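Notes follow the structure.
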Amino acid sequence: MDARLEAIRDTVLARNPGEGEFHQAVTEVFESLGPVHDRHPEFLEGAVLERLCEPERQIIFRVPWADDAGRFQINRGFRVEFNSALGPFKGGLRFHPSVNLGIVKFLGFEQIFKNALTGMPIGGGKGGSDFDPRGRSDAEVMRFCQSFMTELYRHIGEYTDVPAGDIGVGGREIGYLFGQYKRITNRYESGVLTGKGISWGGSLVRPEATGYGTVIFAAEMLKTRGQSFDGQRVVVSGSGNVAINAIAKAQSLGATVVACSDSSGYIVDEAGIDVALLRQIKEVERGRLKEHETRRSAVSYVEGGSVWDIDATVALPCATQNELDGDAAARLVRNGLLAVGEGANMPSTRAAVAVFQEAGILYGPGKAANAGGVATSALEMQQNASRDSWSFAHTEERLTEIMVGIHDRCAATADEYGDPGNYVLGANIGGFVKVADAMLAQGLI
Ligand code: NDP
């Protein structure tokens, strides 16, 4: 790392103790930015990095609610409004027991660059709670969401901060959150949340967008080497929103997705995952992946273990941060891996990224490869602002254009900075320069 940047990075780490994921995300971005500061000394003079690493606002609040047995439960809510240089804060809400301030900050920090790469007018933010929706009734989830919004509403708005979904927050939760916002404010403000239902201000393609976009990005990477998804053997981690739609898109392009996972284990289906059955079990019944075993004879279920033990030519990590480590990366590379497209945020550890890069694997980092979700959220905001509703085909076409554009911008930036094919460098520099220019233009804020 450039010595000037290392000193700033060390201060950031010391000011934010115990936030390991945030440290990891900051370090990874800083490692790319030395050459930019050689060309743009004004970024150092303007303290852009110091400002970028300090969120504009961090909100932490109590979320009290009553479970079905009438017992009082207390969770912690977070919203980190990281950077509004390019537009209102924008980023999802995550409901998962592992959520803490460091995780929300890593996600919010990544979101700044991701949103800049989309070319849409959106800043970066993220939020969530340590609430675990798994095993909770619809009524419990509703009461939790209503309590969460009873504090959050005062900090968000169409021109201020526009949350969406992430792990544990899908259409059901966005519905309860939107209903409570409307009730408290007495405003039908469609643009305050994205990921809404189609009949009440949502956008077609938003549910599919992150998974589809990840595959479109990976397909563009493969194209640079004269390859495509057709005939590839693909392994996907996770079996939530992003994973299911990545599987569907990859298979529509001729790949065979042979395995996917949840936090309990993974399934292998050499004939290709049955997406309709997967949607039925995970989205309709809210069941576990294990239930596949009894419903499709070709499927074998492995309790525990790592889905990365299964060989693949294309790996699409779509579950969570740091789920793919250096050993798993080395094993995949030894067994014929060509490309990695990250549907999840920061799913590869730093050691895994180093293995992929040293082996010359096509590696698309999450902040570029999974930007299709937030980009389509921005398309949802556009439709809300114009009180319009676009067709599936038109919206999918816009998503494809945006993903190809992000790919090309990352590739061109990597070329410009003398490291062709380095999508990490391309994404970090491409996102950073846009935000840094806007921050300088807006003065010391
Ligand atoms: P979902 O809640 O729909 O699904 C999450 C999936 O990942 C589930 O299969 C879950 O398994 C698994 N998972 C979650 N946490 C862990 C863990 N600690 N260990 C192992 N498996 C885990 O979330 P999404 O599909 O929306 O999000 C997945 C990833 O994609 C996240 O990294 C998210 O930040 C990222 N992302 C999502 C976007 C979106 O539009 N939704 C946009 C951009 C990025 P289980 O059910 O067992 O918990």
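Checking the condition within 16 Å of the ligand (Cβ to nearest atom) and not in a loop (DSSP other than H, G, I, E, B), which residue from Arg51, Arg79, Arg62 passes? Walk me through how you get there before you give the answer.
Numbers: Arg51 fails: within 16 Å of the ligand (Cβ to nearest atom); Arg62 fails: within 16 Å of the ligand (Cβ to nearest atom).
After ruling out the rest, the residue left standing is Arg79.
Answer yes or no as to whether Ala351 is touching a residue at least 12 places away in the same chain (Cβ under 8 Å), hydrophobic (A, V, I, L, M, F, W, C) and open to solvent by 40 Å² or more (accessible area, probe 1.4 Å). First the steps, then the outcome.
Numbers: touching a residue at least 12 places away in the same chain (Cβ under 8 Å): yes; hydrophobic (A, V, I, L, M, F, W, C): yes; open to solvent by 40 Å² or more (accessible area, probe 1.4 Å): yes.
Answer is yes for this residue.
Could you please let me know if Ser306 is in contact (Cβ under 8 Å) with a residue 40 or more places away in the chain and either among the polar types (S, T, N, Q) or open to solvent by less than 10 Å² (accessible area, probe 1.4 Å) (or both)?
Yes; evaluated as a whole, the condition is true for this residue.
Mind counting the residues in region 37-51 that are in contact with a helix residue (DSSP H, G or I) (Cβ under 6 Å, 6 or more places away or on another chain) and within 12 Å of Leu440 (Cα to Cα)?
So the count comes out to 5.
Could you identify the single residue in Ala255, Ala248 that is within 22 Å of Ile361 (Cβ to Cβ) and either at pLDDT below 95 or open to solvent by less than 40 Å² (accessible area, probe 1.4 Å) (or both)? Full working, then the answer.
On the way: Ala248 fails: within 22 Å of Ile361 (Cβ to Cβ).
So the residue among Ala255, Ala248 that is within 22 Å of Ile361 (Cβ to Cβ) and either at pLDDT below 95 or open to solvent by less than 40 Å² (accessible area, probe 1.4 Å) (or both) is Ala255.
The conditions are (1) within 11 Å of the ligand (Cβ to nearest atom); (2) of a type in the set (A, V, I, L, M, F, W, C); (3) more than 25 Å from Arg286 (Cβ to Cβ), and Ile216 fails exactly one of them. Which is it?
(1)
How many of the residues in region 156-173 are open to solvent by 20 Å² or more (accessible area, probe 1.4 Å), within 16 Å of the ligand (Cβ to nearest atom) and in contact (Cβ under 8 Å) with a residue 40 or more places away in the chain?
Taking region 156-173 first, the residues open to solvent by 20 Å² or more (accessible area, probe 1.4 Å) are 158-160, 165-168, 170-172.
Within this subset, residues satisfying the condition of being within 16 Å of the ligand (Cβ to nearest atom) are 165-168, 170-172.
Add one more test, that the residue is in contact (Cβ under 8 Å) with a residue 40 or more places away in the chain, and what stays is 165-168, 170.
Adding up the residues that qualify gives 5.
List the pairs whose first member sits in region 264-292 and is open to solvent by 70 Å² or more (accessible area, probe 1.4 Å), whose second member is within 12 Å of the ligand (Cβ to nearest atom) and outside any helix (DSSP H, G or I), and whose Cβ atoms are under 7 Å apart, counting only residues at least 6 apart or on separate chains?
Pairs found: Arg288/Asp262; Arg288/Ser264; Lys290/Ser264; Lys290/Gly265.
Which pairs have Cβ atoms under 7 Å, sit 6 or more apart or on different chains, and link a residue in region 420-445 that is outside the structural domain of Leu33 (by TED's automatic domain parsing) to one that is open to solvent by 60 Å² or more (accessible area, probe 1.4 Å) and in a helix (DSSP H, G or I)?
Going by the 7 Å Cβ cut-off, the qualifying pairs are Gly430/Arg409; Leu440/Glu42.
Scan the strands (runs of 3 or more DSSP E) fully inside region 207-296 and keep the ones with 2 or more residues being under 21 Å from Ala368 (Cβ atoms).
Numbers: elements: 233-237, 256-261, 265-268.
In region 207-296, the matching strands (runs of 3 or more DSSP E) lie at 233-237.
Kindly provide the set of residues from region 341-361 that are more than 16 Å from the ligand (Cβ to nearest atom) and among the polar types (S, T, N, Q), ordered by number. Full working, then the answer.
Of region 341-361, the ones more than 16 Å from the ligand (Cβ to nearest atom) are 350-351, 354-361.
Within region 341-361, Gln357 is the sole residue that qualifies.
Only strands (runs of 3 or more DSSP E) wholly contained in region 300-390 count here; list those with 1 or more residues that are outside the structural domain of Asp161 (by TED's automatic domain parsing) and within 27 Å of Asn100 (Cα to Cα).
Numbers: elements: 300-303, 314-317, 339-341, 362-364.
It comes to 314-317, 339-341, 362-364.
When you go through Asp38, Asp68 one by one, which is the residue that is part of a helix (DSSP H, G or I), surrounded by fewer than 16 Cβ atoms within 10 Å (Cβ to Cβ) and either without any contact (Cβ under 8 Å) to a residue 24 or more places away in the chain or acidic (Asp, Glu) (or both)?
Values: Asp68 fails: part of a helix (DSSP H, G or I).
Being part of a helix (DSSP H, G or I), surrounded by fewer than 16 Cβ atoms within 10 Å (Cβ to Cβ) and either without any contact (Cβ under 8 Å) to a residue 24 or more places away in the chain or acidic (Asp, Glu) (or both) holds for just one of Asp38, Asp68, which is Asp38.
Can you go through Ser137, Ser98 and tell me which one is within 22 Å of Gly343 (Cβ to Cβ) and open to solvent by 10 Å² or more (accessible area, probe 1.4 Å)? Lay out the reasoning, then the answer.
Numbers: Ser137 fails: within 22 Å of Gly343 (Cβ to Cβ).
Criteria check complete, one pass: Ser98.
When only residues in region 174-206 that are closer than 17 Å to Gly373 by Cα, without any contact (Cβ under 8 Å) to a residue 60 or more places away in the chain and not in a helix (DSSP H, G or I) count, which is farthest from the chain's Cα centre (by Cα)?
Gly197
Does region 372-418 hold any residues that are within 16 Å of the ligand (Cβ to nearest atom) and either more than 19 Å from Thr118 (Cα to Cα) or among the aliphatic types (A, V, I, L, M) (or both), and which are they?
Scanning region 372-418 gives Val374, Ala375, Ala378, Leu379, Met381, Leu399, Ile402, Met403, Ile406.
Picking from Tyr153, Tyr176, Tyr188, which residue would you name as being modelled with pLDDT of 95 or more, of a type outside the set (D, E, K, R), open to solvent by 30 Å² or more (accessible area, probe 1.4 Å) and within 16 Å of the ligand (Cβ to nearest atom)? Talk me through it step by step, then tell me what you get.
Numbers: Tyr153 fails: within 16 Å of the ligand (Cβ to nearest atom); Tyr188 fails: within 16 Å of the ligand (Cβ to nearest atom).
Of the residues listed, the single one that is modelled with pLDDT of 95 or more, of a type outside the set (D, E, K, R), open to solvent by 30 Å² or more (accessible area, probe 1.4 Å) and within 16 Å of the ligand (Cβ to nearest atom) is Tyr176.
Do the conditions hold for Tyr159, that is, is it in the same structural domain as Ala69 (by TED's automatic domain parsing) and in a loop (DSSP other than H, G, I, E, B)?
Values: in the same structural domain as Ala69 (by TED's automatic domain parsing): yes; in a loop (DSSP other than H, G, I, E, B): yes.
Taking the combined requirement at face value, the residue satisfies it.
Here's a check for you: in region 119-130, which residue that is open to solvent by 10 Å² or more (accessible area, probe 1.4 Å) and either closer than 14 Å to Phe432 by Cβ or not charged (D, E, K, R) (or both) is nearest to the ligand (Cβ to nearest atom)?
Met120
The values are calculated or read from the model by the stated rules, or taken from the named source; none is laboratory data. Being a predicted model, the structure only gives us computed values, none of them experimental. A quick note on method: Cβ atoms are made from the backbone with ideal geometry, for glycine too, and the neighbour counts reach across all protein chains shown. Side chains included, ligands, DNA and RNA excluded: accessible areas come from the protein's heavy atoms. Shrake-Rupley method; radii C 1.70, N 1.55, O 1.52, S 1.80 Å.
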